[in-house]
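Here, each number is a calculation from the coordinates, and none is a lab measurement. Not measured: the values here are computed from a predicted model. Cβ: placed from backbone, ideal geometry, glycine included. Neighbour counts: every protein chain shown.
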Amino acid sequence: MENRKDHWEQVYSTKQPNEVSWTQDIPRTSLAFIHSFDLPKTSRIIDIGGGDSKLVDHLLDEGYENVAVLDISEQALQRAKSRLGDRANKVEWIVSDITKFSPVKSYDVWHDRATFHFLTTVEEIKAYLTIARKAVKSYMALGTFSDAGPKKCSGLDIHQYSESELQKTLETGFEKLKCITEDHITPFDTKQNFLFCSFKAKS
């Protein structure tokens, strides 16, 4: 198969937001988890695999001042920048495969909705967690397909998680705070069951 970066550049070059399953006009659950951490607007927030998600729009609307968006697809980030216009200058944009990311700073909030579950090998998961333990200063909000969710996304295999498995996977470095499951309604009116959990970095 084509490599991961080529896959996502192709997706974001050929499909509009209403043609991909993950689109959300208002990422309510992500915002609720970020609000639950009760951090100042100067806190550093990074959105892992943010693509052209509108989470960054809402964070800027709410006055957050230090937002970064990381994605493997340069095309995805370019679409987000175009949508934001001049406000894009307030955001740090990072083009990187998350398993090869070399953070130069720490983050108060690490948000990831639906990147982690694309990592399906022990090596990829280990690389992600090693980077996260280095980069996360305070909190993580992580969304994956649940064990009642899809087994594929965008033509790729994913790793489903139960609450207990996700907690165990992250137990070295992170303490679980809260988990919920919910159905995401796609632009084509289908349901995808997600598991969202918040974690606190262990000192």
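Tell me, yes or no, whether region 169-180 has at least one residue that is within 16 Å of the chain's Cα centre (by Cα) and polar (S, T, N, Q).
No, every residue in region 169-180 fails to be within 16 Å of the chain's Cα centre (by Cα) and polar (S, T, N, Q).
Of everything in region 40-80 that's part of a strand (DSSP E or B) and not aliphatic (A, V, I, L, M), which residue is nearest to H111 (Cα to Cα)?
The residue in question is D47.
Please find, within region 121-158, the residue that is surrounded by the most Cβ atoms within 10 Å (Cβ to Cβ) out of those that are β-branched (V, I, T) and under 16 Å from the mean Cα position of the chain (by Cα).
If we take residues in region 121-158 being β-branched (V, I, T) and under 16 Å from the mean Cα position of the chain (by Cα), then T144 is surrounded by the most Cβ atoms within 10 Å (Cβ to Cβ).
Hey, can you tell me all the residues within region 105-120 that are under 14 Å from the mean Cα position of the chain (by Cα) and not in a strand (DSSP E or B)?
A114, T115, F116, H117, F118, L119 - these are the residues of region 105-120 that are under 14 Å from the mean Cα position of the chain (by Cα) and not in a strand (DSSP E or B).
Exactly one of these conditions fails for Y128: (1) of a type in the set (F, W, Y); (2) in contact with a Cys (Cβ under 9 Å, 6 or more places away or on another chain); (3) in a helix (DSSP H, G or I). Give me its number.
(2)
Taking the condition β-branched (V, I, T) and closer than 15 Å to N66 by Cβ, does V122 pass?
When the stated conditions are applied, V122 does not pass them.
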